[in-house]
Every structure is written in C-alpha cells, then in structure tokens.
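The block underneath contains the structure these notes are about, expressed in structure tokens.
The values are calculated or read from the model by the stated rules, or taken from the named source; none is laboratory data. Nothing here was measured: the structure is a model prediction, and the numbers come from that model. Every residue, glycine as well, gets a Cβ built from its backbone with ideal geometry; the counts of neighbours run over all protein chains shown.
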Amino acid sequence: MFLYDIRSVRKAAFMAEILVTGGAGFIGSHLIERLIHDGVSVTIIDDFNDFYDPAIKRANIAESGPGLRVVEGDICDEAVLHKAFDGHHFDSVVHLAARAGVRPSREYPELYLRTNINGTFRLLEAIKKAGTPRLVFASSSSVYGLNKKLPFSELDRIEQTISPYAATKMAGEQLCSTYAHLNNIRTVCLRFFTVYGPRQRPDLAISKFTRLINEGKPIPKFGDGSSARDYTYVDDIVEGIVGALAYEGPVFDVFNLGGSQTTTLSELIELVEDSLGKKAEIEQLPEQPGDLPRTYADVTKAGELLGYSPATPIAAGIPKYVAWYQEYMAMAAGGS
C-alpha cells in the first residue's frame, strides 16, 4: 500500500514534456487539453487515419494552443518515432494510439495486429533508446474475456480473450511488462471500461444512438438488451491517467478505470431517449460474436493507489453528452 497526498505527487510528476500517441483522438484530445492546462509541454503522434473522418480528429486539437507539438505519422514507422523523440527528452509517454473496437477487429485482424502489437513494440524500442523513464499504456476491459466473476479485478486470471482486439491489448500489456522489467521503465497499464463523452468516436453506441434517434432513424439493438457495460465518462478516464503519471509503486502495474456500475443496453437506450426527448425506432439484430455479455470494473485498487474516484455516473453523463451533441450540431448548422 502506498499512502501519499495525490495532489502533491501529481504536481511533482509533471515536469517538462510528455508524449501522447493517438493524441488527436477522443481520449487523447481530452488528455492533452488537461496537460496543457496544467502547464505541460505536449507532443503528439497521430496518423489521422480514416477509421473515421480525419477532419474530426484535426478539429479535436485545432484549439490546443502553442503548448502542443504535432508529429503526423504511423507509430509503426521508425522514422516517425525518431522525428518525435529527436531533440526531446520526455518525462513520460502515454500510449493511446491503437486500432480500436471489437467488431471491426474481426473484419481486419491483420491491421489490428500490425498497429496494436507491432506499433507498441516499435514505440517501446524508441522509449528504451531514448531512456524515457515512464509509460502509461491504454489497455481495455476486453482482456477479461468471458470472465464470469463480477466485478472484474486486476487479480482475476485471464484465460481466454474472444476478439482480435482484446488479444492485441493483452499482448500489448505483456510487451509493456517485459520492457518495464528489462529496462526499468516505470509502466502502468490502464484497462479502460467503455469510455464515452464529448468528441467520442461516431461508431460507438452512445454516439450512434444519439445521432440516429435525433434524426428519427432506427438504431441497431444487438440481442435482447440484457447485455451490460460499465460506462466511464471521459473526464474520469483523464483523471485516472493523470494519477497513473504520478504513480510511484512497482515498476510495472495494472489498474482498472471504470465507472464501477453496470448499465444494460435497454437502460442505455432509455437514457438517450429521455435526454433527447425522443423515442427510438429499434432494428432488432442478433448478438455479435466477440462482444462481452457484461463488464463491471472493480476500481478499489485505482482508488487506493491512483486517487481515482469516478465522479460522473451514467445517469448524469448521458445528459451531459447529449447536451454537447446538440450544441455541436447547432454550431455545425450555423457554420454551413
């Protein structure tokens, strides 16, 4: 057990410069806003790929200000990594860049293996060569697979992942563990549980449901609605990452970051309906292979050692997201 004043440790951890891979994405753009606000000089690597509209990612960082340096390119490209590290001595690296999503990983497994495993390996090599002392790696609740014990704990035995995406995240954790051990890189792997909030990817359920219900179009409902997720508001995830950047425990460690409550698919749809003031038209579809039936995070360890305390329950987070969406759409309509 490590007892300390989390605020003073965080302040001490923020020195000169942090590298964030995938910094123009949903979580990354929120993180860099927080870091720049705290006076940190931030470099990001992002390839602005077309998994979804690259213009969205460029808009995410358009107002980040002079504290941001952008290196555009693929983390699998050693020349891109050299450009990012050359002449810069990062105090920490936050590795968010990845091909994300369970369902598309079944369609494009080779792409997921390349980016999420080979890209992570290339980055770890660059960190080793540069002598960067600290790494935070974005993992996923998907690694728990069909674990029947709830809530999911970091101490749970992981015996089987059920999607290429989950397998790549588990492999990424193992690579990080190896490099931490061999090179004394203080490394924290964070298992994110279904992150949502402003600027989230348009393919994610909350974003998709909000848009389709608002437009009066049918929403896809996979299964009978009893599948459940532990949804986590993006501001809470950012707080967890900030805590991980200050962590002074073992050289390698793993933490869950979740909302620590579960919401069924049917309940989620009702929350979006209530926030929009509109009823959903349902397109009933079968369960999808690779989807977990239920996720639920035990965040006791993160609370004790990272100062993590999720502040936005789903009942408050969905109205906040819908309000942002309506304002975003109004601004887009005004600019057209």
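Points worth noting:
- Residues of the stretch 250-279 satisfying the condition of being small (G, A, S) and either within 22 Å of the chain's Cα centre (by Cα) or in a strand (DSSP E or B) (or both): G258, G259, S260
- Among the residues of the stretch 195-207, those that are at pLDDT 95 or above and either among the polar types (S, T, N, Q) or over 17 Å from A323 (Cβ atoms) (or both) comprise V195, S207.
- The residue of the stretch 41-60 that is nearest to L81 (Cα to Cα), among those that are surrounded by 21 or more Cβ atoms within 10 Å (Cβ to Cβ) and among the aliphatic types (A, V, I, L, M), is I45.
- Selection of the stretch 239-287 for residues being small (G, A, S) and out of contact with any Leu (no Cβ under 9 Å at 6 or more places or on another chain) yields G258, G259, S260, S266, S275, G277.
- Residue count, the stretch 184-241 (criterion: assigned to a helix (DSSP H, G or I) and more than 19 Å from E33 (Cα to Cα)): 10
- Restricting attention to the stretch 281-290, the residues that are outside any strand (DSSP E or B) and either out of contact with any helix residue (DSSP H, G or I) (no Cβ under 9 Å at 6 or more places or on another chain) or modelled with pLDDT of 95 or more (or both) total 2.
- Residue satisfying all of: in the stretch 282-321; farther than 28 Å from F252 by Cα and of a type in the set (D, E); farthest from the chain's Cα centre (by Cα) among these: E283
- Elements of type helices (runs of 4 or more DSSP H) contained in the stretch 52-162, each with 3 or more residues being closer than 30 Å to R229 by Cβ, touching a Pro at 6+ places or on another chain (Cβ under 7 Å) and touching a residue at least 24 places away in the same chain (Cβ under 8 Å): none
For every residue, the table says whether it meets (1) among the hydroxyl-bearing types (S, T, Y); (2) at pLDDT 95 or above; (3) out of contact with any helix residue (DSSP H, G or I) (no Cβ under 7 Å at 6 or more places or on another chain).
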site: R10; (1), (2), (3): no, no, no
site: I56; (1), (2), (3): no, no, yes
site: P66; (1), (2), (3): no, no, yes
site: G73; (1), (2), (3): no, yes, no
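- Selected residue (criterion: surrounded by the most Cβ atoms within 10 Å (Cβ to Cβ)) from residues of the stretch 90-108 that are at pLDDT below 95 and either acidic (D, E) or farther than 20 Å from C176 by Cα (or both): S105
- So A323, is it of a type in the set (A, V, I, L, M), out of contact with any helix residue (DSSP H, G or I) (no Cβ under 7 Å at 6 or more places or on another chain) and over 30 Å from S92 (Cβ atoms): yes
- Residue under evaluation V234, criteria (1) over 18 Å from the mean Cα position of the chain (by Cα); (2) in contact (Cβ under 8 Å) with a residue 12 or more places away in the chain, criterion not met: (1)
- Qualifying residues in the stretch 291-308 (those that are of a type in the set (A, V, I, L, M, F, W, C) and in a helix (DSSP H, G or I)) - the one nearest to P104 (Cα to Cα): A302
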